[in-house]
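The values are calculated or read from the model by the stated rules, or taken from the named source; none is laboratory data. It should be emphasised that the depicted structure is a prediction, and the values quoted were computed from it without experimental measurement. Reconstructed Cβ throughout: ideal geometry from the backbone, glycine too, with neighbour counts over all protein chains shown.
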Amino acid sequence: MVQMPNDSRQALLDVRDLRTYFYMRRGVVKAVNGVSFQVRPGETLGLVGESGSGKTITCLSILRLLPRGARIVGGHIRFQGQDLTLASDSAMETMRGKQIGMVLQNAMAALDPVFTIGTQVGEPLVVHEKLTWKTALRRVVDLLTMVKIVSPELRIHNYPHELSGGMRQRAASAAAIGCRPALLIADEPTTALDVTTQRQYLDLLTELQRATGMAIIFVTHDISLVGNMCDRLAVFYGGLVVEYGAKEQVLTHPSHPYTEALLQSVPKLGETRDRLRSIRGDPPDLGRLPGGCPFHPRCDMALEVCRTGEPPPAFELADGRRTRCWLREPDHVGAIAGSTRPR
Amino acid sequence: MSEPLLEVRDLAKHFPLTRGLLKSTLVGHVKAVDGISFGVQAGETFAIVGESGCGKTTLANLILGLLPPTGGEILLHGRLISQLSAAEFMAYRRSVAAVFQDPYGALNPRMRVGDIVAEPLEIHGYARARRQPRVREVLRSVGLPDGSERRFPHEFSGGQKQRIGIARALALEPQLIVLDEPVSSLDVSIRSQILNLLKDLQQELGISYLLISHDLATVEHMSDWIGVMYLGKLVEVGRAKEVCRQPKHPYTATLVAAATPPGQMAPWEMPIVGEVPTLLETPSGCGFHPRCPYAMPVCKRVTPSLVAVEDHRRVACHLYPDVIHQIRLTPLTSPSSPGGR
């Protein structure tokens, strides 16, 4: 089922032209430079990109947990009809952990080593749902069962270091979904896990989503394995979403040269290729982005228009995809592809 | 098969585990590498695949001569390296080079790139006059621009740093390079540059690689042979393509299933159960039995040995050769079975 990506009527989260800049001594770093996407209830959106492409800062902007020096300077983040860029700090506090859950890459760092698992998974229930600790701990046992932790009544008394890596990540996920959030943001949750544990965790997330109906934003650098479990993908490059659309289209008929090159550069199990496609050069430094399209120095098909001025606008294709590439200008079907000028 | 370039026979490394501060008592051993045998042919790539903690990096360190083995033998061109004289061992070190996972940590930030690459030449007695041309030659062969030798590591990107690491490994014209996770710390779009470079260099120079990795797809692409390692032991050895397409050991099947994108069928659909135990508490018998849906009573008691089940394939599993014909290789339970120990 493919819906038009810019249909925002039923969107749970609607990010429009988000710009988050870092103001540093050496200048302005445009970490997120006009990012738009929507997440509908119950669906999974994958934010795919390399390190420094702006995907994590996009998530931290949604949660308003930006590091010092970073500011949202433009755009809107509408979540359940409310603009999070304008929400008060106390409103955001009730939002985080209750309506929006978060799972981080390193569960050991996300869990506090001096508190038991029961305390940490139960805390959001006590804070947000005003449960007593006694009832909260009963709920914690149910939650740990949901994330497939064996003998949860014993595990609630354990400290994080007593759990294995996979179990820690599952416990952190239990804490994130405790208040039944409508949206779960998972930032590279499997990168620190072993290959087999990683797959178990991905299957668990899919199962939890089916059980709770929550939407998931999945941040990943692994387009082939993890990308496959998302409904839609937003491919990040140099602080921009360069391609955005349904998973099937993005993975099988990529419309942006970067997506295409990336897919062909990753070895896949069971295929015979003597050489991988290689992308020349290196990913850009967000503090020193080239003019024009951020990918043009590495692109085999770059035109004159790609090299200067503003990055290309998002052209809308007939299948609902949006692609920031001048090569797709002739295929553009939409009315207006979103302003590229900062406000 | 001709004589292998490098051969490893029953190699073992056991680390003693002690308890107590003043009077330390031996409480056991961590068997990081526990009786491993394989051979690397000239000009070919042999890959060791396994998850973290399976002992693959210890194996690399043993082969590089950085750790003394507890048992077993390493042979280069049929000669036992334990019986080499000091001078001959220097020659062994010249023949076997290494590229490490983290290019940031592997290069001294205070040294110029030219000095980093020249250091092994200096240690192995190259005359000063011969060093500079060789440094420029290897830097060019890994695709670094002229003049790189005068710059410092921090002036290079991650992918270029890994190229410097490869240039240093090539400097002494080794016959074998141990590649320990050579691309896993690099950005996705640069990995293929390095993998292609390694393949080109192999074709050009005829060197062998011992590739150590956890990524089955990369390993399948790069290697001629694969050895699958679990808890210090090889559980399956065979031709790379055949091992990935038709895994025979249940653990290999698990790895293949985990690396197959969701929605696509793995050749042998395996439920992934539990996690890798630590080497401190390895199960009795076959190390994989607590996670194996096909485990039989014998698997708990007897450690299976690596035996040839067909041409070019060795498997350490009690299912072979008899029991395998009695079971259908289909999922026994749902793919997401309960985890935990």
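A few remarks follow.
- Neighbours by Cβ (under 6 Å, 6+ apart or cross-chain): first from segment B:259-270, on the phi > 0 side of the Ramachandran plot and more than 7 Å from chain A (Cβ to nearest Cβ); second exposed (fewer than 15 other Cβ atoms within 10 Å of the Cβ) and at pLDDT below 80: none
- Scanning segment B:221-255 for residues that are part of a helix (DSSP H, G or I) and either in contact (Cβ under 8 Å) with a residue 40 or more places away in the chain or of a type outside the set (Lys, Arg) (or both) yields B:221, B:222, B:240, B:242, B:243, B:244, B:250, B:251, B:252, B:253, B:254, B:255.
- Segment A:217-232, subset under 11 Å from residue A:43 (Cα atoms) and either out of contact with any Cys (no Cβ under 9 Å at 6 or more places or on another chain) or surrounded by fewer than 24 Cβ atoms within 10 Å (Cβ to Cβ) (or both), residue nearest to the other protein chains (Cβ to nearest Cβ): A:229
- Residue match in segment B:272-281 (condition: within 19 Å of residue A:201 (Cβ to Cβ), in a helix (DSSP H, G or I) and within 22 Å of the chain's Cα centre (by Cα)): no
- Entry remark, segment A:204-228: residues being at pLDDT 90 or above and assigned to a helix (DSSP H, G or I) number 9 in total.
- Test: residue in segment A:286-309 that is within 30 Å of residue B:243 (Cα to Cα), among the basic types (Lys, Arg) and part of a loop (DSSP other than H, G, I, E, B): no
- Qualifying position, being facing chain B (nearest Cβ under 7 Å) and modelled with pLDDT of 90 or more, among A:262, A:240: A:262
- Hits in segment B:285-317 (condition: assigned to a loop (DSSP other than H, G, I, E, B), touching a residue at least 12 places away in the same chain (Cβ under 8 Å) and within 25 Å of the chain's Cα centre (by Cα)): B:285, B:286, B:287, B:288, B:292, B:303, B:304, B:306, B:312, B:316, B:317
- Among the candidates A:57, A:77, the residue that is closer than 11 Å to residue A:20 by Cα and outside any loop (DSSP other than H, G, I, E, B) is uniquely A:57.
- Within segment A:229-274, considering residues that are in a helix (DSSP H, G or I) and small (Gly, Ala, Ser), the one nearest to residue A:202 (Cα to Cα): A:265
- Strands (runs of 3 or more DSSP E) (entirely within segment B:15-76) containing at least 3 residues that are buried (at least 22 other Cβ atoms within 10 Å of the Cβ): B:25-40, B:45-49
- Residue that is surrounded by the most Cβ atoms within 10 Å (Cβ to Cβ) [pool: residues in segment A:175-199 that are within 14 Å of chain B (Cβ to nearest Cβ) and either charged (D, E, K, R) or under 24 Å from residue A:131 (Cα atoms) (or both)]: A:199
- Subset tally (residues that are under 28 Å from residue A:204 (Cβ atoms) and either more than 14 Å from every other protein chain (Cβ to nearest Cβ) or modelled with pLDDT of 90 or more (or both)) for segment B:318-341: 5
- For segment A:61-98, the set of residues classified as of a type in the set (A, V, I, L, M, F, W, C) and more than 18 Å from the chain's Cα centre (by Cα) consists of A:70, A:73, A:86, A:87, A:91, A:92, listed by residue number.
- Residue in segment B:159-167 that is touching a strand residue (DSSP E or B) at 6+ places or on another chain (Cβ under 9 Å), within 14 Å of chain A (Cβ to nearest Cβ) and either closer than 28 Å to residue B:43 by Cβ or surrounded by fewer than 20 Cβ atoms within 10 Å (Cβ to Cβ) (or both) present: yes
- Hits in segment B:115-143 - residues which are touching a residue at least 24 places away in the same chain (Cβ under 8 Å) and hydrophobic (A, V, I, L, M, F, W, C): B:116, B:117, B:118, B:121, B:135, B:138, B:139, B:142
- Flag if residue B:182 is more than 13 Å from the chain's Cα centre (by Cα) and more than 8 Å from chain A (Cβ to nearest Cβ): no
- Identity of the residue in segment A:153-174, facing chain B (nearest Cβ under 10 Å) and part of a helix (DSSP H, G or I), that ends up farthest from residue A:105 (Cα to Cα): A:155
- Some residue of segment B:99-118 being part of a helix (DSSP H, G or I), away from chain A (no Cβ under 14 Å), surrounded by fewer than 18 Cβ atoms within 10 Å (Cβ to Cβ) and not polar (S, T, N, Q): yes
- Only one of the numbered conditions (1) touching a helix residue (DSSP H, G or I) at 6+ places or on another chain (Cβ under 8 Å); (2) farther than 13 Å from residue B:45 by Cβ; (3) more than 10 Å from chain A (Cβ to nearest Cβ); (4) assigned to a helix (DSSP H, G or I) is violated by residue B:174, and that is (4).
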